[in-house]
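Here is the structure we will look at.
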Amino acid sequence: MSAIGQHTMNSSTQSRNANTMHTYDSRTGAGSVTRRAAVLAALMATSLIHPAGMVAQAPAPVAAQAGAAVADPDPARFIAEIRAFRAWDEKNAVPRDGVLFVGSSSIRLWGTGTAFPGVPVINRGFGGSHISDVNYYLSDIVQMYGPSVVVFYAGDNDIDAGKTKERVLADYRKFVGRVITSRRDTQIVFIAIKPSLQRWAQWPLMRETNDAIKAFSATDDRLHFADIAPPMLGADGKPRPEMFVADGLHMTAAGYAAWNKVLGPMLEKIRSGK
């Protein structure tokens, strides 16, 4: 079932589930026992309570715990955008073996069709998304098209929300695994998380995350890493102001031109099979 279908089903049953739980609590009082059992199970799962014979694990570093504890945002906030993609698909032909661009606003605002003439482009960017959101809607925005190449940009918002590089890498690995399972010869390009004026304080962690994903990409010939960071940095090592609009995060035509110069030759080589 697609995420759109699942969202509809969840919406129709949520109120019934809530009412059922309330009736159960008020008539029997057993709900409090159920909640205590759930809490105990959760504590056992996180190794805070150890049944006899279980070896206690050393706690993770505080910083890692904090990043791991950051909740994924609710993907339902994008249901309108995903439905709009579906509505467009119902009225327009979608290229077979296309080059699918997916991810957050840097993808959504990218004039990919103009930037790569002659390439059968599909753009499925939706602003503000995390990798977890892309994974949630994967069947609706990636798998249903069976693309030969996927160009991926996300992780920027994840780091800004407090997620660790390990969390971002794990989510990207999940994305790759599911895409490759759908079509084993799919080529996937990860566009490096960009340095920006607005999020410059987070650049060290973003750079470490890029390094981790670059190393992961080197383990499989189907995975590629597009390092767009160098042309976005000036001689002083800081983001070039002309690359960004007033918010210091989203890019100008000059910023996208720099991306096009990096990605264009990569796409040509990937699509030619050389």
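Overview of values
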| quantity | calculated |
| --- | --- |
| Options VAL176, VAL245: the member that is farther than 29 Å from GLY273 by Cα and modelled with pLDDT of 95 or more | VAL245 |
| From the options PHE216, PHE244, residue that is under 25 Å from THR114 (Cβ atoms) and among the aromatic types (Phe, Trp, Tyr) | PHE244 |
| Hits in region 178-216 (condition: under 19 Å from LEU138 (Cβ atoms) and in a helix (DSSP H, G or I)) | ARG178, VAL179, ILE180, THR181, SER182, ILE213, PHE216 |
| Residue in region 222-235 that is farther than 20 Å from MET266 by Cβ and without any contact (Cβ under 8 Å) to a residue 40 or more places away in the chain present | yes |
| Residue within region 256-274 that is among the β-branched types (Val, Ile, Thr) and in a loop (DSSP other than H, G, I, E, B) present | no |
| Search result, residues across region 182-192 that are of a type in the set (Val, Ile, Thr) and either surrounded by fewer than 16 Cβ atoms within 10 Å (Cβ to Cβ) or without any contact (Cβ under 8 Å) to a residue 40 or more places away in the chain (or both) | THR186, ILE188 |
| Filtered residues of region 217-244 (kept if part of a loop (DSSP other than H, G, I, E, B) and under 23 Å from the mean Cα position of the chain (by Cα)) | ALA218, THR219, ASP220, ASP221, ARG222, ASP227, ILE228 |
| Some residue of region 203-216 being touching a Gly at 6+ places or on another chain (Cβ under 7 Å), farther than 13 Å from ASP156 by Cβ and assigned by TED's automatic domain parsing to the domain that holds LEU169 | no |
| Residue among PRO195, PRO95 that alone is touching a residue at least 24 places away in the same chain (Cβ under 8 Å), farther than 27 Å from PHE244 by Cα and more than 14 Å from the chain's Cα centre (by Cα) | PRO95 |
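The values are calculated or read from the model by the stated rules, or taken from the named source; none is laboratory data. Bear in mind the structure is a predicted one, so any value in this text is a computation, not a measurement. No Cβ is skipped: glycine too gets one built from the backbone with ideal geometry, and neighbour counts run over all protein chains shown.
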